[in-house]
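Here's the structure, in structure tokens; my notes come after.
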Amino acid sequence: MKNIIIALMLIGLFSNFVFSQKESGGTQLRTDVTGVGTNAATFLEIGVGARAMAMGGAYVAVANDPTALYYNPAGIVWMENIQVELMHNEWLVGTNYEFIGATTPLPIMRSSLGFSLILLDYGEQPVRTVERPEGTGETYGARDYAVSLTYALALTPNFSFGMSGKYINQKIWHESGGALALDFGIFYRTPVRGLRLGMSVRNFGGEISLTGRELDSTKDPDPDNENIDRVPVQYKADSYPLPLLFKAGIAYTMDWGGLGEVTITSDVNHPSLASESVNIGMEYGYAGIFFLRAGYDNLFDPEAINGLTLGGGVDYYQPGRIGFRIDYAYSDWGPFQSTHRFSLGIIFD
């Protein structure tokens, strides 16, 4: 019980510290207006991994499987085996969100290399025009993706640093645009047994502007002048910044002997153009094989419509054999009902 109280106190102090950094910056104007919806590539804010999302997305200080490539790149250095993680997410309004991540330890120093791909597929829709509102017979698609390469290094036996370079692309019909970005993360295993800290900054990079043939057209600059007609023009789309995301987290694992172990974790979220929030989560594991999880996403965000998360999984690994993880997560999205994530992890010995 004493350890539980200590962990909860540290979570509270850590959350208050991060929030106070913004408030202590001098006099600020208060407003109810936020920048929600003004970013490009907002799919980068959708969490990955059924295990992580079942714990409310509070994962920056856990980050001990290939989904660390998304949450905290510094975490991949503590994995001693080659691992692959696959996720399928039945996302909102009939879209599909996919993740694949792979990590491998390197023989050079204490370091690891990782690769990940995130894909959001919106499916096919009929092309409609003012003249033909029922459809022209054509269809168009839309998809977003991000591909990244990650390197992490253990600077001490308990402290690591990781960095990812990634390319982000968005496309709708024949229009597309891309940008480069960086992710940074640190991970620290404290002297207190089972207590870990983490921090990450994601999507530090440029802006995205769409270009494509549907932006090419012709225009009659002067209807009264019959000698000048159908002048070629190209419409220019505005560029929008990537969603810069800062996370700081804390996790504490308690060993209950024959009863298993419990991990409690919390992340403080500071997005560039939205309200701050807190993610909290808990995981109970029995015999290191069977797991139950629960959490809450975007706590204290006045605009959040999601919240409760639940899930569970099976993790089976024996030295000398290929191991596997199977995880499921349920997330409540209020008026959008719910989403379901399924993950498969493979551990190579």
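No value in this document is a laboratory result; all are computed from the given coordinates. Values in this document were obtained by computation on a predicted structure and should not be read as measured data. Cβ: placed from backbone, ideal geometry, glycine included. Neighbour counts: every protein chain shown.
Highest mean packing first, where packing is the average number of other Cβ atoms within 10 Å per residue, the peptides 291-300, 165-174, 57-66 line up as 57-66, 291-300, 165-174.
Of the residues 82, 122, 93, the one whose Cα sits farthest towards the positive end of the charge dipole of region 81-178 is 82 (charges of +1 on Lys and Arg Cβ, -1 on Asp and Glu Cβ, taken about the Cα centre). Counting 0.36 nm for each residue step from residue 130 to residue 304 and taking away their Cα separation leaves a gain of 59.1 nm. The label-point distance for residue 86 and residue 104, in a model that sets each label 7 Å from Cα toward Cβ, rounds to 1.9 nm. Cβ crowding within 10 Å, taken as a proxy for footprinting-reagent exposure, orders 95, 218 from fewest neighbours to most as 218, 95.
Here 183, 238 are placed in order of increasing Cβ neighbour count within 10 Å, fewest first, which gives 238, 183.
If r is the Cβ-Cβ distance from residue 190 to residue 333 and R0 is 25 Å, what FRET efficiency results, to the nearest 0.05? Working from the Cβ atoms, E equals 0.10.
Across region 299-349, Cα pairs under 8 Å and at least six residues apart give a relative contact order of 35 percent. Centre-to-centre separation between the Cα atoms of region 162-186 and those of region 106-148: 12 Å. Report summary: the helix-based calculation at 222 nm, which adds -39500 (n - 2.57) for every DSSP H run with n ≥ 4 and divides by the residues of the chain, gives -2500 deg cm²/dmol. Here the relative contact order of the chain, from alpha carbon pairs under 8 Å that lie six or more residues apart, stands at 19 percent.
The long axis of helix 2-23 is offset from the longest Cα principal axis of the chain by roughly 30 degrees.
A simple count of charges around residue 88, restricted to other residues whose Cβ falls under 12 Å of its Cβ and scoring Lys, Arg +1 and Asp, Glu -1, yields -4. Sorted on the mean count of surrounding Cβ atoms within 10 Å across their residues, most packed first, peptides 244-250, 88-94 read 244-250, 88-94. Residue order for 148, 209, 112, fewest other beta carbons within 10 angstrom first, comes to 209, 148, 112. Hey, what did region 184-309 get for relative contact order, percent, Cα under 8 Å, at least 6 apart? Worked out over region 184-309, it gives 17 percent. A Cβ-based charge dipole, computed about the Cα centre of the chain with Lys and Arg at +1 and Asp and Glu at -1, lands at about 1580 debye.
In the chain, the inverse of the mean reciprocal separation of distinct Cα atoms equals 22.0 Å; this is its Kirkwood hydrodynamic radius.
Where in region 140-155 is the amide nitrogen less than 17 Å from a point lying 7 Å along the Cα-to-Cβ axis of residue 176? It comes to 140-148, nothing else.
For region 75-185, the C-alpha radius of gyration sits at 1.47 times the compact-globule guess of 2.2 N^0.38 Å, with N the residue count.
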